[in-house]
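These notes concern the structure reproduced below.
The values are calculated or read from the model by the stated rules, or taken from the named source; none is laboratory data. On a predicted model such as this, the values are computed, not experimentally measured, just so you know. Side chains are part of the model used for accessible areas, which takes the heavy atoms of the whole protein and leaves out ligands, DNA and RNA. Shrake-Rupley method; radii C 1.70, N 1.55, O 1.52, S 1.80 Å.
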Amino acid sequence: MKKSILPLIFVFCLYLSQAQDMSYNQPWLSVMPGERSLAFGIPQRSVFSDVQGTPYANEEFLEGTLYRFGKAKFKGRFRYNAYTNEIENESKNGPLVLLRTDYYQVTIGNDLYIIASYLEKGAIRKSYFVEKNKGKVCLLKKESKELSQLEFPGSSYRPERAARFKDEVSYYLKVGSDPAVKVGLKKKDMVKVLADHQKEVQAFIKENSLKIRSEEDVLQLLAYYNSL
């Protein structure tokens, strides 16, 4: 009789160990902020209860103005979703997503969001940008968010990693009506795009000891270039 019981005990223990390993594949149920519960009712603390970070350039709605063909249409409170590339308008019934068209421009706080064409891998695309200056050549700032994947440990020896939004900021130069081109905040990229006044640009950078590593340096250079 004892011999027949031992195999059953072994199988039962094996089942329990496998069930523990597979618990990460069970559906999660929300219990309270910061806590999750497996479907079979065992509460567990988990870093996956909330995605870390935010998809928005600014989490809160900020005062702003919607412009249509350059004319102010109405004032409101707005925020930019850098993950979905959308601008939301605060309303009593919840956020409203604005129509994504290049004849709309929106100020959000101190930033002016425009839709502009840009080059990406040989193709012309459109996106929201923060316009940093006016003139023949404009510096555009592109704010993006990338969502990392959930990483379950699979065992007690690997730490859990929550999904999180990661910031990505890139810069583009737009010359006239041409699609904007991606640039780095560095001297080589500026001189390349502004090649029609290369000697003047290089002299201005040298005379003003510009490092071309910040928005301020680039805007100072473009103010000079646009005055030529």
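Out of the residues in the range 156-184 that are at pLDDT below 95 and either of a type in the set (Phe, Trp, Tyr) or not assigned by the TED database to the domain that holds Asn85 (or both), which is most open to solvent (accessible area, probe 1.4 Å)?
Here the residue is Tyr157.
Just give me the residues in the range 39-67 being part of a strand (DSSP E or B) and modelled with pLDDT of 95 or more, in sequence order.
Within the range 39-67, Leu62, Glu63, Gly64, Thr65, Leu66, Tyr67 qualify.
Could you count how many residues in the range 92-146 are of a type in the set (Phe, Trp, Tyr) and within 19 Å of Glu63 (Cα to Cα)?
So the answer is 4.
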